[in-house]
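Notes follow once the structure below has been shown.
The values are calculated or read from the model by the stated rules, or taken from the named source; none is laboratory data. As the structure is a prediction and not an experimental result, all values here were calculated from the model. Note that each Cβ is placed from the backbone with ideal geometry, even for glycine, and that neighbours are counted across all protein chains shown. The area values use the complete protein model at the heavy-atom level, side chains included, leaving out ligands, DNA and RNA. Shrake-Rupley method; radii C 1.70, N 1.55, O 1.52, S 1.80 Å.
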Amino acid sequence: MTNGTTFLVFYRFRPLDSEEKNIAKQEWEDIKGSLPDKIELIGEYNHAWGTEYNGFLMFQSETSDIFFEWWAGFKDKIRWYVEKTHTIVARRR
């Protein structure tokens, strides 16, 4: 996907015990495997030094609409272990 919109999604986990971490990890793998065709995960980063977040994700989509239609369901799935997100949206020149 050479053109389109990029989404930088910062996330912060709530405290999780070992069992919850394993469940969350498996759910995340399932989510990545079921991304819509027009949304691409182009980066996963475990740290976001200098911020209050645990890390960030980079997604790319042909249009903002495609991403935001998917986003609501995605947020519902991760809400139990991600306590906060912050999204920055950018268009490629």
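Observations on the structure shown:
- Angle in degrees between helix 18-33 and the longest Cα principal axis of the chain, rounded to the nearest 10: 20
- Centroid-to-centroid, using Cα positions, the stretch 36-69 and the stretch 12-29 are 18 Å apart.
- Signed unit charges on C-beta, dipole axis of the chain, positive-most listed residue Gly50, Asn22, Phe7: Gly50
- For the chain, the longest principal axis of the alpha carbon atoms and the long axis of helix 64-78 meet at an angle near 10°.
- Cα centre as origin, Lys/Arg/Asp/Glu Cβ charges: the chain dipole, Debye: 380
- Fully extended contour minus Cα-Cα distance, from Glu40 to Glu83, at 0.36 nm per residue: 13.2 nm
- Sites Arg14 and Arg92, calculated FRET efficiency, Cβ-Cβ separation with R0 41 Å, nearest 0.05: 0.80
- Partner lysines whose Cα lies under 21 Å from the Cα of Lys84, excluding those fewer than 8 positions away in the same chain, are identified as Lys21, Lys25, Lys32, Lys75.
- Inter-label distance, Glu62 to His47: 3.8 nm, where each label sits 7 Å from its Cα along the C-beta direction.
- Protein-only accessible surface order, largest first, of Ser18, Ser61 at 1.4 Å: Ser18, Ser61
- Ordered from longest to shortest, the equivalent ellipsoid semi-axes for the chain are 23, 16, 11 Å, each the square root of 5 times a Cα gyration tensor eigenvalue.
- Average accessible surface area per residue within the chain, 1.4 Å rolling probe, Å²: 67
- Carbon + sulfur, % of accessible area of the chain - ligands and nucleic acids excluded, 1.4 Å: 50
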